[in-house]
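Right, one structure below, let's go through it.
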């Protein structure tokens with residue numbers, strides 16, 4: 001079993017690499033986007049950003065799993081605590097109020113609060129049909145990353161407080177919220193995924209966003225358990241279950 005990594009490693013990627021090595025997994029850090037013939041056996045796994053994965057995963061026979069682009073917009077408001085729409089960016093140009101706008105599953109549109117639609121990247125830089133998530137602005141007092149595998153929260157950690165990076169243990173409230181979310185909407189997610197959840201300044205739990213486990217930092221999460229999720233989230237196409245086929249990037 002091989003874990004393939006990109007040319008530049010984050011602190012999280014180094015942690016997962018070292019965890020994989022302790023398990024006896026082979027790890028390969030590619031110097032660029034070219035895949036050597038020796039790796040093209042369809043038996044690998046991947047931890048990398050979306051742009052690297054889009055080029056390398058097909059050559060490796062890896063199926064990266066992610067949430068549907070409109071997943072957050074389709075969640076009941078009881079789990080989001082705000083209105084969220086998935087729309088083409090050309091429609092978002094018409095916004096005349098502040099809104100939080102981001103790409104659903106990558107960082108092609110910077111995740112920011114935009115004063116109005118005129119502040120978004122223009123059609124000279126972005127295809128007007130590109131789907132973005134447009135959300136009411138909400139303030140989170142604390143934010144947590146939850147690693148989900150086969151309908152369970154297997155590990156997680158706090159990653160921010162009051163909008164600033166501050167790692168820490170997973171709270172009982174975040175764990176309970178993740179379990180409630182899975183009970184209600186677990187069937188709408190792949191078997192391995194990361195969900196960010198936050199406690200609002202009004203004291204309510206809400207989903208921040210979904211993230212591909214293979215492209216996510218693990219912060220203070222248990223690296224062994226996080227690696228279990230990563231390996232499932234970006235593994236050989238031949239090991240895909242029927243359930244997960246709809247969630248391949």
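The values are calculated or read from the model by the stated rules, or taken from the named source; none is laboratory data. Keep in mind that this is a model prediction, so the values were computed, not measured. Heads up, the Cβs are rebuilt from the backbone with ideal geometry, glycines too, and the neighbour counts pull from every protein chain shown.
Looking at 136, 124, can you tell me which residue is surrounded by fewer than 18 Cβ atoms within 10 Å (Cβ to Cβ), out of contact with any strand residue (DSSP E or B) (no Cβ under 6 Å at 6 or more places or on another chain) and touching a residue at least 40 places away in the same chain (Cβ under 8 Å)?
136
For the condition closer than 23 Å to residue 53 by Cβ, at pLDDT 95 or above, surrounded by fewer than 16 Cβ atoms within 10 Å (Cβ to Cβ) and within 15 Å of the chain's Cα centre (by Cα), what is the one hit in 229, 248, 208, 194?
248
Restricting to the range 163-175, and then to whatever is modelled with pLDDT of 95 or more and not in a strand (DSSP E or B), can you tell me which residue is surrounded by the fewest Cβ atoms within 10 Å (Cβ to Cβ)?
Of everything passing the filter in the range 163-175, 172 is surrounded by the fewest Cβ atoms within 10 Å (Cβ to Cβ).
Could you tell me whether the range 14-23 includes any residue that is surrounded by fewer than 16 Cβ atoms within 10 Å (Cβ to Cβ), modelled with pLDDT of 95 or more and within 21 Å of the chain's Cα centre (by Cα)?
Yes, there is a match, as at least one residue in the range 14-23 is surrounded by fewer than 16 Cβ atoms within 10 Å (Cβ to Cβ), modelled with pLDDT of 95 or more and within 21 Å of the chain's Cα centre (by Cα).
Tell me, which strands (runs of 3 or more DSSP E) lie completely within the range 32-89 with 1 or more residues that are over 16 Å from the mean Cα position of the chain (by Cα), within 15 Å of residue 104 (Cα to Cα) and at pLDDT 95 or above?
Here the list reads 84-88.
When you go through (1) touching a helix residue (DSSP H, G or I) at 6+ places or on another chain (Cβ under 8 Å); (2) crowded, with 18+ Cβ neighbours inside 10 Å; (3) free of Cβ contacts under 8 Å to residues at least 40 places away in the same chain; (4) over 24 Å from residue 242 (Cβ atoms) one by one for residue 72, which number turns out not to apply?
Going through the list (1) touching a helix residue (DSSP H, G or I) at 6+ places or on another chain (Cβ under 8 Å); (2) crowded, with 18+ Cβ neighbours inside 10 Å; (3) free of Cβ contacts under 8 Å to residues at least 40 places away in the same chain; (4) over 24 Å from residue 242 (Cβ atoms), residue 72 breaks only (3).
Determine which single condition residue 148 fails, assuming it passes every other condition in (1) part of a strand (DSSP E or B); (2) surrounded by fewer than 16 Cβ atoms within 10 Å (Cβ to Cβ).
Residue 148 satisfies all of (1) part of a strand (DSSP E or B); (2) surrounded by fewer than 16 Cβ atoms within 10 Å (Cβ to Cβ) except (2).
Any residue at all in the range 176-188 that's at pLDDT 95 or above and part of a loop (DSSP other than H, G, I, E, B)?
Restricting attention to the range 176-188, the residues satisfying the condition of being at pLDDT 95 or above are 176-188.
Filter once more, keeping what is part of a loop (DSSP other than H, G, I, E, B): none.
Taking every residue of the range 176-188 in turn, none turns out to be at pLDDT 95 or above and part of a loop (DSSP other than H, G, I, E, B).
Mind listing just one residue for me: the one in the range 75-107 that is out of contact with any helix residue (DSSP H, G or I) (no Cβ under 8 Å at 6 or more places or on another chain) and touching a residue at least 60 places away in the same chain (Cβ under 8 Å) and, of those, surrounded by the fewest Cβ atoms within 10 Å (Cβ to Cβ)?
Looking at the filtered set, the residue picked out is 82.
Could you figure out which of (1) surrounded by fewer than 17 Cβ atoms within 10 Å (Cβ to Cβ); (2) in contact with a strand residue (DSSP E or B) (Cβ under 8 Å, 6 or more places away or on another chain); (3) within 27 Å of residue 220 (Cβ to Cβ); (4) touching a residue at least 40 places away in the same chain (Cβ under 8 Å) isn't true of residue 10?
Every listed condition holds for residue 10 apart from (2).
Which number in (1) free of Cβ contacts under 8 Å to residues at least 40 places away in the same chain; (2) out of contact with any strand residue (DSSP E or B) (no Cβ under 8 Å at 6 or more places or on another chain) marks the one condition that residue 110 misses?
The single condition residue 110 does not satisfy is (2).
If residue 111 satisfies every condition in (1) out of contact with any helix residue (DSSP H, G or I) (no Cβ under 7 Å at 6 or more places or on another chain); (2) under 30 Å from residue 243 (Cβ atoms); (3) modelled with pLDDT of 95 or more but one, which is the exception?
(3)
Mind listing just one residue for me: the one in the range 94-107 that is touching a strand residue (DSSP E or B) at 6+ places or on another chain (Cβ under 9 Å) and part of a loop (DSSP other than H, G, I, E, B) and, of those, modelled with the lowest pLDDT?
Of everything passing the filter in the range 94-107, 105 is modelled with the lowest pLDDT.
Could you identify the single residue in 30, 39, 46 that is closer than 19 Å to residue 147 by Cβ, in contact with a strand residue (DSSP E or B) (Cβ under 8 Å, 6 or more places away or on another chain) and in contact (Cβ under 8 Å) with a residue 24 or more places away in the chain?
On inspection, the qualifying residue turns out to be 46.
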